[in-house]
Each structure stands twice: as structure tokens, then as C-alpha cells.
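J.: First the structure, then my questions, so here it is.
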Amino acid sequence: MKRIFLAATGMSLFLIGCGPVVARQNGTPDVIVTESSGPSYAQLVSLSLDGDIVLDATIRSAARIPPAEAAGLAPGHVRFYVTVDVGALIRANGPLPARVGYLVDVPFDPRGRAPNLKRQRVIAFARAVAGRPDQIQLLTPDAQFAWSPALDQRVRGVVRDVLAPDAPPAVTGVGNAFHVPGTLPGEGETQIFLKTGDGNPVSLLVLRRPGEAKRWALSLGDIIDEAGGAPQRDTLAWYRLACGLPDALPEGSLQAQEDDNATIAREDYAFVREQLGPCNDGRRG
């Protein structure tokens with residue numbers, strides 16, 4: 001079987017340029033997922049973190065699975081077994097056959113019919129199947145998206161960020177938190193130390209200054225500094241906080257605080273959570 005081999009780069013990341021090709025049938029674009037309803041940034045990061053295969057491929061054939069054999073199929077969806085021609089490995093830990101197969105769930109079209117997937121160009125997030133090099137498993141039943149130049153660029157950027165040596169670590173919880181009042185009325189700082197997957201220090205600093213809007217900053221390292229400011233939305237640092245922090249400050253984080261200072265620390269944490277906004281990674285309510 002013909003296989004796609006890529007030069008090793010020292011990381012599980014393979015980026016291959018592909019010309020912008022859009023699958024067409026009868027002269028009109030055939031789209032699975034429109035750009036406006038495409039995956040969110042957080043969803044792309046979650047998928048990139050959960051699996052080790054991201055591929056750009058064109059569907060060669062699609063066989064519909066009878067509903068009685070499609071366990072767990074969501075209402076309004078249909079399940080297919082598709083074979084795809086791999087055009088590029090955006091991420092992989094090793095070579096992959098030039099043609100692979102997998103199961104995918106897609107919604108019915110607006111007319112209530114099963115869509116025609118053949119010749120669709122897609123981006124899929126998957127993992128390998130042990131003992132079956134020609135098979136992959138999507139990370140979620142619908143982890144396949146219609147290819148577009150914009151989505152291709154977004155996915156490649158996310159994969160690069162996730163695999164970067166200096167990528168922000170996963171936030172696994174909240175450690176100690178405390179508020180220190182300033183010398184002026186309404187002045188003070190709240191420091192919140194976070195727990196991380198790799199043990200590296202991460203902290204939040206919330207600043208209150210008389211006559212100024214409250215602001216906060218993220219510090220990645222031992223030095224707590226406001227200079228870095230808050231992370232921009234739809235960045236990996238933002239994702240780590242928005243999708244890793246609990247909704248409220250745990251009471252165990254405030255054990256050494258007086259009641260008034262603990263109340264302010266809770267308010268400042270709630271302020272940070274509000275500024276971050278929802279995770280929107282497709283897995284949380």
C-alpha cells in the first residue's frame with residue numbers, strides 16, 4: 001500500500017502546503033459545515049490536544065450506516081463510513097497510508113436528506129487504531145469539518161501553538177489566593193496562584209486603584225508582574241484559563257484570609273472569569 005512519509009522535525013508536527021482546492025459538484029460548492037457555523041477556537045484547541053492526527057483529506061467514498069447499527073447517533077444526524085485520500089498531514093506522530101477510513105456523523109441537509117460527502121475536502125481530528133494502519137478514529141463522532149482556506153490557516157496555527165516548547169501549561173486548579181489592601185481607600189491587589197499540569201508556576205494578579213478601572217494580568221513564571229496584562233481572546237493562554245479555571249474561587253484557597261479580604265478576593269476572581277468569557281469548546285455546558 002502506498003504510504004505518505006514525511007521528514008522528521010523533532011516534534012509530532014507535520015505541515016505540508018496544499019493549494020486551495022474546493023470540491024464542487026454540478027458547478028456549485030458542496031459544503032458540509034459553513035464558515036459561520038464552523039468550530040470555535042476553543043474547540044480546535046481541545047481537539048488538537050486530545051489527539052495526535054490532524055489531516056487534510058478528500059472523501060473518496062461514503063457508505064451510509066443503517067440507523068440500527070449506528071449506536072449513539074444524535075437525532076438529526078446520519079453516520080457514514082468514509083474512505084479519504086490524505087492530501088496533507090497537519091499533525092501526526094508518524095507516516096499514515098495515503099488512504100484511510102473512519103466513521104463520521106453528519107447532520108441531515110436542510111431538506112432532511114443525507115448529504116453527499118463524496119469529493120468533499122475536509123479537515124479531520126483523529127487518533128490511530130491499534131493494529132489497523134489504514135483506519136483512524138475521529139476524536140468525536142463529528143470531528144470532521146469542511147475545508148476552507150480560513151479554517152486551514154486556523155488549524156495550522158492552533159497545532160503550532162499547542163506543540164510549541166513554551167506553550168502555556170494546562171490549568172488543573174486553583175491554589176492559594178489572597179487580597180492585600182493598599183494604603184488608600186479602594187486600593188489593593190489580589191494574587192491567585194494556579195495549579196498546572198506540569199507544575200510550572202502560573203498566577204493571576206488583579207489590581208484595584210482609586211479612580212481607575214479594575215484590571216488583571218496573567219504571569220507565566222515565578223515573577224508576578226502586571227506588565228504582561230490579560231491574554232487576548234482566542235489564544236492558547238486564554239484557552240488554558242477560560243477552559244481550565246473553575247467557575248468560582250474554591251473556599252480552600254482562602255483559608256488564611258480575613259473575611260473582608262476573602263470577599264474581595266472572590267469578587268476579583270469572578271471579575272477575571274467574567275473577562276475571560278465562556279470556554280465554548282463544545283464539551284462544556
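J.: Just checking, how many residues over the range 215-249 are over 22 Å from Leu49 (Cβ atoms) and basic (Lys, Arg)?
T.: 1
J.: May I ask you to verify whether Pro110 is part of a loop (DSSP other than H, G, I, E, B), modelled with pLDDT under 95, outside the structural domain of Leu218 (by TED's automatic domain parsing) and touching a strand residue (DSSP E or B) at 6+ places or on another chain (Cβ under 8 Å)?
T.: On the way: part of a loop (DSSP other than H, G, I, E, B): yes; modelled with pLDDT under 95: yes; outside the structural domain of Leu218 (by TED's automatic domain parsing): yes; touching a strand residue (DSSP E or B) at 6+ places or on another chain (Cβ under 8 Å): no.
So Pro110 fails the test.
J.: Among the residues of the range 47-70, how many are outside any helix (DSSP H, G or I) and out of contact with any Gly (no Cβ under 7 Å at 6 or more places or on another chain)? Spell out the reasoning first.
T.: Here is the first cut: in the range 47-70, the ones outside any helix (DSSP H, G or I) are 51-66, 70.
Restricting the remaining residues to those that are out of contact with any Gly (no Cβ under 7 Å at 6 or more places or on another chain) gives 51-55, 59-66, 70.
Residues that pass the stated criteria total 14.
Every residue, every condition in (1) surrounded by 14 or more Cβ atoms within 10 Å (Cβ to Cβ); (2) without any contact (Cβ under 8 Å) to a residue 12 or more places away in the chain, yes or no:
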position: Gly94; (1), (2): yes, yes
position: Ala98; (1), (2): yes, no
position: Leu103; (1), (2): yes, no
position: Phe108; (1), (2): no, no
position: Gly112; (1), (2): no, yes
position: Asn116; (1), (2): no, no
position: Val122; (1), (2): yes, no
position: Phe125; (1), (2): yes, no
position: Gly131; (1), (2): no, yes
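J.: Another one. Need pairs with beta-carbon distance below 9 Å; first residue within 22 Å of Val122 (Cα to Cα) and within the range 62-75, second at pLDDT 95 or above and among the hydroxyl-bearing types (Ser, Thr, Tyr); sequence gap 6+ or separate chains.
T.: Matching pairs, first to second residue: Ala62/Tyr81; Ala62/Thr83; Ala63/Tyr81; Ala63/Thr83; Arg64/Tyr81; Ile65/Tyr81.
J.: Here is a further query. Is it the case, given these coordinates, that Val206 is modelled with pLDDT of 95 or more and assigned to a strand (DSSP E or B)? Give the steps one after another, and end with the answer.
T.: Details: modelled with pLDDT of 95 or more: yes; assigned to a strand (DSSP E or B): yes.
For Val206, the condition - modelled with pLDDT of 95 or more and assigned to a strand (DSSP E or B) - is met.
J.: Which condition does Ala213 not pass, out of (1) surrounded by fewer than 15 Cβ atoms within 10 Å (Cβ to Cβ); (2) part of a strand (DSSP E or B), if it passes all the others?
T.: (2)
J.: Would you confirm, using the coordinates I've provided, whether Leu73 is hydrophobic (A, V, I, L, M, F, W, C), within 24 Å of the chain's Cα centre (by Cα) and farther than 26 Å from Asp152 by Cβ? Outline the logic, then answer.
T.: Working: hydrophobic (A, V, I, L, M, F, W, C): yes; within 24 Å of the chain's Cα centre (by Cα): yes; farther than 26 Å from Asp152 by Cβ: yes.
Against the criterion (hydrophobic (A, V, I, L, M, F, W, C), within 24 Å of the chain's Cα centre (by Cα) and farther than 26 Å from Asp152 by Cβ), Leu73 qualifies.
J.: Restricting the search to the range 76-92, which residues are surrounded by fewer than 16 Cβ atoms within 10 Å (Cβ to Cβ) and under 22 Å from Ala150 (Cα atoms)?
T.: Listed by number, the list holds a single entry, Asp85.
J.: Within the range 223-243, work out how many residues are over 18 Å from Asp166 (Cα atoms) and in contact (Cβ under 8 Å) with a residue 40 or more places away in the chain.
T.: Qualifying residue count, the range 223-243: 3.
J.: Which residue, of Gly182, Gly173, Gly131, Gly94, is within 28 Å of Leu245 (Cβ to Cβ) and over 21 Å from the mean Cα position of the chain (by Cα)? Walk me through it before giving the result.
T.: On the way: Gly173 fails: over 21 Å from the mean Cα position of the chain (by Cα); Gly131 fails: within 28 Å of Leu245 (Cβ to Cβ); Gly94 fails: within 28 Å of Leu245 (Cβ to Cβ).
Of the residues listed, the single one that is within 28 Å of Leu245 (Cβ to Cβ) and over 21 Å from the mean Cα position of the chain (by Cα) is Gly182.
The values are calculated or read from the model by the stated rules, or taken from the named source; none is laboratory data. None of the values given here were measured: they were computed from a predicted structure. In this analysis, Cβ positions are derived from the backbone assuming ideal geometry, glycine residues included, and neighbour counts consider all displayed protein chains.
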